[in-house]
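Before I ask anything, let me first share the structure, which is written out below as C-alpha cells.
The values are calculated or read from the model by the stated rules, or taken from the named source; none is laboratory data. These numbers come from a predicted model, not from an experiment. Every residue, glycine as well, gets a Cβ built from its backbone with ideal geometry; the counts of neighbours run over all protein chains shown. Note: areas computed on protein heavy atoms with side chains; ligands, DNA, RNA excluded. Shrake-Rupley method; radii C 1.70, N 1.55, O 1.52, S 1.80 Å.
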Amino acid sequence: MKLLALHLLFLCFVGLACSQDNDENVRRIMKEMAVIPEILDEPPRELLRIKYDNTFDIEEGKTYTPTELKFQPRLDWNADPESFYTVLMICPDAPNRENPMYRSWLHWLVVNVPGLDIMKGQPISEYFGPLPTKDSGIQRYLILVYQQSDKLDFDEKKMELSNADGHSNFDVMKFTQKYEMGPPVAGNIFQSRWDEYVPELMKTLYGVSE
C-alpha cells in the first residue's frame, strides 16, 4: 500500500513538472516569436493543447501545412466547467510578415464556451484553416483562450466566411478589452506556409484560385 501511494505521488509530481515546463515554454516562445509585444501585452498563462484531425498534437512554434490544419481542431486547457470562455484563432502576418497590413486576420471566433465544450459555444466566425499565399513565406498562427466574467451578450454579428469584413484587421486587444477579459488563460502558436490545398480553399471561400 505504501509503495502504491509513493508511486502515485511520484506520478503526480512528474505530471505537475511537465505541465509547468509546457507553460514556461509557451511563454518563452511567444516572446521569441515576437508575439509579445507585437500582438499581445502578456503571454498566455498556460499551454493550450491542440489536436488536429484526432491524429497529431501541435508542437508550439513548429511549421505545418494548410492540408494538415484544414479541419477544426480539438482544444484542451485547465478550464473551469462553471465558467465561460472565448476561443479565437488569428494570423498576425497577413498578407506576409514583412508587410502585415491586414493584421490580424481572424480565422475562428467562438464565444460563450461553457468549460471545454466548444460545440456548445456561440460561433461568430466558423473555423477555416491557414491561407498563406505562395509568396507570403511562413506565417504565424495563434489560438488563444480568454476567460469571460460570465455568459455575455456580444454585439458582433455572425461573420460570413466568404466576406473579408470582420476577418481582416481584427484587433485582439481591442476586442478583449471591450468585453473586459484579462490576458489569455491559454494559448499556442504554430506556423504554416503554402501548399496545394490553399488554392482549393481560396476557391471555396472567395471563388478565386489564389
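Computed from the mean reciprocal separation of all distinct C-alpha pairs, what Kirkwood hydrodynamic radius does region 144-210 have, in Å?
14.8 Å
At 7 Å along the Cα-to-beta-carbon direction for both residue 153 and residue 138, put a label point, then send me their distance in nm to one decimal.
Those two pseudo-labels are separated by 4.6 nm.
A follow-up question, please. For residue 173 and residue 126 in the same chain, what is the full-extension length gain: residue separation times 0.36 nm, less their Cα-Cα distance, in nm?
This chain segment gains 14.9 nm when fully extended.
Label points 7 Å out from Cα along the Cβ direction at residue 96 and residue 34: separation in nm?
That separation, rounded to one decimal, is 1.4 nm.
Compute the label zone of residue 70 within region 110-133: residues whose backbone N is under 12 Å from the point 7 Å along Cα-to-Cβ.
129-130
Near residue 174, which lysines are there with a Cα under 23 Å away, not counting those fewer than 8 places off in the same chain?
List returned: 31, 151, 157, 158.
Counting only protein heavy atoms and a 1.4 Å probe, tell me what percentage of the chain's accessible area is made up of carbon and sulfur.
Here it works out to 52 percent.
Quick one: divide the alpha-carbon radius of gyration of region 94-171 by 2.2 N^0.38 Å and tell me what you get.
Its radius of gyration relative to the 2.2 N^0.38 Å reference: 1.21.
Using a 7 Å offset from the Cα along the Cα-to-Cβ direction at both residue 55 and residue 25, what is the distance between the two label points in nm, to one decimal?
2.2 nm
Another one. With a 1.4 Å probe and all protein chains left in place, how much accessible area per residue does the chain have, in Å²?
For the chain, the per-residue accessible area is 54 Å².
Also: Take region 17-206, compute every pairwise Cα distance, and split them into 5 Å bins from 0; I just need the percent in each bin.
Computed distribution, short to long bins: 1, 8, 17, 22, 22, 17, 9, 3, 0, 0.
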